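Novice: One structure follows; several queries about it will come next.
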């Protein structure tokens, strides 16, 4: 079974530029999560989708971050414009349902200069 | 508000020694609890999970964790640490609507 795929793996941009990350969850997984992990910290939930609907985006900085999950499968996370403090690893995870294991992708490491 | 604390930022143990990583949570209802491990450059991997029933749960790689409701704790243990266990360990709690909150992590170093 294929795991959670993310691309790109690494991205370097300058502040005020825009960037987009892509996630392909495990087939059949209804719930998809985007986390931000700053160096030395635990993952922080940015947004959670159930199929193509948003369940929780309370910690998503909506003035600069946006996310969508078209057709309840793939998802994209966008930052526009990027700030220095957005430098982090962006993790995508998916799970089949409540109490099921969350499977994480390898992450996208973003550096904003 | 729901939260997870891991009091130890960094722990160093000798290979072969026992290990206990602490985790405390704040959640009003019965929690679902998890421990994940993250090796350098690797993704997060689930070690074990607790939903209900026996409060001592077994996981992969020889790890176990004990849920203590009275102490709001879910500590991770391993009787004999291997050098390959050096990694970052995260405790997490699942709240309503499948929302999973992670603790800040404990970094484990193993001395040969």
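Novice: Full-extension gain between residue A:51 and residue A:100, please, as 0.36 nm times their residue separation minus the C-alpha to C-alpha distance.
Specialist: Computed gain between residue A:51 and residue A:100 is 16.1 nm.
Novice: Please check which bits of the stretch A:57-75 a label hung off residue B:1 would reach, taking the label as a point 7 Å along Cα-to-C-beta and the cut-off as backbone N under 17 Å.
Specialist: Answer for the stretch A:57-75: A:57-62.
Novice: Where is the GNM fluctuation largest for chain B (alpha-carbon springs, 10 angstrom cutoff): B:22, B:77, B:69?
Specialist: B:69
Novice: Taking all pairs of different Cα atoms in the stretch A:37-90, averaging 1/r and flipping that mean, what Kirkwood radius in angstroms comes out? Walk me through the numbers on the way to the answer.
Specialist: Numbers: mean 1/r = 0.0828 Å⁻¹.
Evaluated over the stretch A:37-90, this radius sits at 12.1 Å.
Novice: Additional query: Starting from the Cα coordinates of the stretch A:64-111, work out the convex hull volume and express it per residue in Å³.
Specialist: Details: hull volume 4.5 nm³, N = 48.
In the stretch A:64-111, the Cα convex hull volume per residue is 93 Å³.
Novice: Now for a separate question. Note the per residue figure in Å³ for the convex hull of the C-alpha positions in the protein assembly as shown. Let's see the in-between values first.
Specialist: Details: hull volume 28.0 nm³, N = 225.
With only Cα atoms used, the protein assembly as shown gives 125 Å³ per residue.
Novice: If you take the square roots of the eigenvalues of the alpha-carbon gyration tensor of chain B and sort them as a ≥ b ≥ c, do you get rounded (a/c under 1.5), prolate (a/b over b/c) or oblate? Numbers along the way, then the final one.
Specialist: Details: a/c = 1.89, a/b = 1.62, b/c = 1.17.
It comes out prolate by the Cα gyration axes.
Novice: Average the reciprocal distances over every distinct pair of alpha-carbons in chain A, invert the result, and give the Kirkwood radius in Å. Can you show the working numbers first?
Specialist: Numbers: mean 1/r = 0.0717 Å⁻¹.
This gives a value of 13.9 Å.
Readers should treat all values here as calculations from the given coordinates under stated rules, not as data from a laboratory. Every value quoted in this text rests on a predicted model; they were computed, and no experiment measured them. Quick reminder, even Gly has a Cβ in these numbers, built from the backbone with ideal geometry, and neighbours come from all protein chains shown.
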